[in-house]
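Before I ask anything, let me first share the structure, which is written out below as structure tokens.
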Amino acid sequence: GNSVTQMEGPVTLSEEAFLTINCTYTATGYPSLFWYVQYPGEGLQLLLKATKADDKGSNKGFEATYRKETTSFHLEKGSVQVSDSAVYFCALSPMNYGGSQGNLIFGKGTKLSVKP
Amino acid sequence: KAGVTQTPRYLIKTRGQQVTLSCSPISGHRSVSWYQQTPGQGLQFLFEYFSETQRNKGNFPGRFSGRQFSNSRSEMNVSTLELGDSALYLCASSLDPGAPREYFGPGTRLLVL
């Protein structure tokens, strides 16, 4: 079946440190891949996405590359800020649901805390 | 323009009761999907509606149901509430089913006692 595995948190970094949050997936075909962010007390926000192999999604300094050979979509940021403190979710949308991208399968989430 | 709106924001119910949650999508968006977030199970897909029709359904019991109205607003209903239904219920909207879910509402937090 389809599944997403992401690194356990929490992750605590100092401001300006490099961030990597690992995400691997299991899926048939070519799913779309996403990173979402959830700030305390809020809903989810789409951070970035990639729809095919070797695509790189990027937004607000965050990047992730769709690696089909390693079934991975790791999130990276070169220099984190205190304002990046949040929970990050890796997700996939399978391709076998009539083209719908609403059936999202999420990882467990990784809590990031950035200290000044 | 206004974002995805969910009402109510908080609810307290007792076991055995039923509850209805509402989601108003962004203006012009016709696809609405629902998710349940719990500490144990994480985020799980409930169902998706487009043009008043359910397109997909997640692996939840029949106590969970939903519908969509002609103005694209959606409701979900949970009957015979169980303690394990305590969760944050999120909805997301998009222009159509093939578009990524960029816009989520703030959620309705349901506590079942």
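State which residue is nearest to the other protein chains (Cβ to nearest Cβ) when the search covers only the stretch B:61-76 and only residues that are surrounded by fewer than 14 Cβ atoms within 10 Å (Cβ to Cβ) and touching an Asp or Glu at 6+ places or on another chain (Cβ under 9 Å).
Among those residues, the one meeting the criterion is B:F69.
Identify all residues within the stretch A:30-52 that are without any contact (Cβ under 8 Å) to a residue 24 or more places away in the chain, within 12 Å of B:G107 (Cβ to Cβ) and not small (G, A, S); write none if there are none.
Once the filter is applied, which keeps residues that are without any contact (Cβ under 8 Å) to a residue 24 or more places away in the chain, within 12 Å of B:G107 (Cβ to Cβ) and not small (G, A, S), the stretch A:30-52 yields only A:E42.
Can you work out which of the residues in the stretch A:65-83 that are β-branched (V, I, T) and surrounded by 13 or more Cβ atoms within 10 Å (Cβ to Cβ) is farthest from the chain's Cα centre (by Cα)? Before you say what the answer is, go through the steps one by one.
Let us first name the residues in the stretch A:65-83 that are β-branched (V, I, T), namely A:65, A:70-71, A:80, A:82.
When the remaining residues are screened for being surrounded by 13 or more Cβ atoms within 10 Å (Cβ to Cβ), the result is A:65, A:71, A:80.
Working: A:T65: 10, A:T71: 13, A:V80: 15 Å.
By that ranking, first place goes to A:V80.
Is it true that B:G58 is surrounded by fewer than 22 Cβ atoms within 10 Å (Cβ to Cβ) and over 15 Å from the mean Cα position of the chain (by Cα)?
So B:G58 does not fit the description; no.
What's the number of the only condition in (1) out of contact with any Phe, Trp or Tyr (no Cβ under 6 Å at 6 or more places or on another chain); (2) of a type in the set (G, A, S); (3) at negative phi that A:A64 fails to meet?
Failing condition for A:A64: (1).
Might you check whether a residue that is part of a loop (DSSP other than H, G, I, E, B), in contact with a helix residue (DSSP H, G or I) (Cβ under 9 Å, 6 or more places away or on another chain) and not hydroxyl-bearing (S, T, Y) occurs anywhere in the stretch B:4-19?
Narrowing the stretch B:4-19 to residues part of a loop (DSSP other than H, G, I, E, B): B:4, B:8-9, B:14-18.
Imposing the further condition that a residue be in contact with a helix residue (DSSP H, G or I) (Cβ under 9 Å, 6 or more places away or on another chain) reduces the set to B:15.
Going one step further and asking which of them are not hydroxyl-bearing (S, T, Y), we end up with B:15.
So far as the stretch B:4-19 goes, yes, one or more of its residues are part of a loop (DSSP other than H, G, I, E, B), in contact with a helix residue (DSSP H, G or I) (Cβ under 9 Å, 6 or more places away or on another chain) and not hydroxyl-bearing (S, T, Y).
Another question, if that's okay. Between a residue in the stretch B:24-36 that is in a strand (DSSP E or B) and surrounded by 19 or more Cβ atoms within 10 Å (Cβ to Cβ) and any residue that is modelled with pLDDT of 95 or more and among the charged types (D, E, K, R), which pairs come within a Cβ distance under 6 Å, given they are 6 or more apart or on different chains?
As it stands, the answer is B:S24/B:R73, since those pairs meet every condition given.
Of the numbered conditions (1) of a type in the set (V, I, T); (2) under 29 Å from A:K49 (Cβ atoms); (3) away from chain A (no Cβ under 14 Å), B:T53 fails exactly one; give the number of that condition.
(3)
The values are calculated or read from the model by the stated rules, or taken from the named source; none is laboratory data. In this text, all values refer to a predicted model and were calculated from it rather than measured experimentally. Please note: Cβ atoms are built from the backbone with ideal geometry, for glycine as well, and neighbour counts cover all protein chains shown.
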